[in-house]
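This report refers to the structure that appears directly beneath it.
The values are calculated or read from the model by the stated rules, or taken from the named source; none is laboratory data. Not measured: the values here are computed from a predicted model. All accessible areas refer to the heavy atoms of the entire protein, side chains included, with ligands and DNA or RNA removed. Shrake-Rupley method; radii C 1.70, N 1.55, O 1.52, S 1.80 Å.
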Amino acid sequence: MSTAIQLPQHVLDQFHTYSVSELITFNNDIVENRGWGASRSTFRNAILKALAKKGIDLSPIISKEDGFSVIQIVKVKLENNALIPLAYE
């Protein structure tokens, strides 16, 4: 009997091979397309974790409010090794 791999870990393992540019494009596509349903947050979380592992600064889109981390659901661009939120189009 084989061990089932959890979807979030499987997705994160796959995104490890993507370039920073590809991950940013994928993030922007997910943010723009609302049709993902419940899987959307799983994929976006994996994208952000993969970007963080590549040394990208996520702090411009993540903040702490009342003790909770808040991650903006916005399109981003890379500037000075940090994700910069883009205004909604």
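So the values come out like this:
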quantity	calculated
For the chain: accessible area per residue (Å², 1.4 Å)	68 Å²
Helical segments meeting 27 Å axial Cα length and Kyte-Doolittle 1.0 threshold in the chain (DSSP H)	none
Shape category assigned to segment 26-78 from the gyration tensor of Cα positions, a/c cut at 1.5	oblate
Whole-percent carbon and sulfur share, accessible surface of the chain, 1.4 Å	54 percent
Structure-derived percent of Cα pairs over 21 Å apart: which label, when the choices are (i) 24; (ii) 32; (iii) 50	(ii)
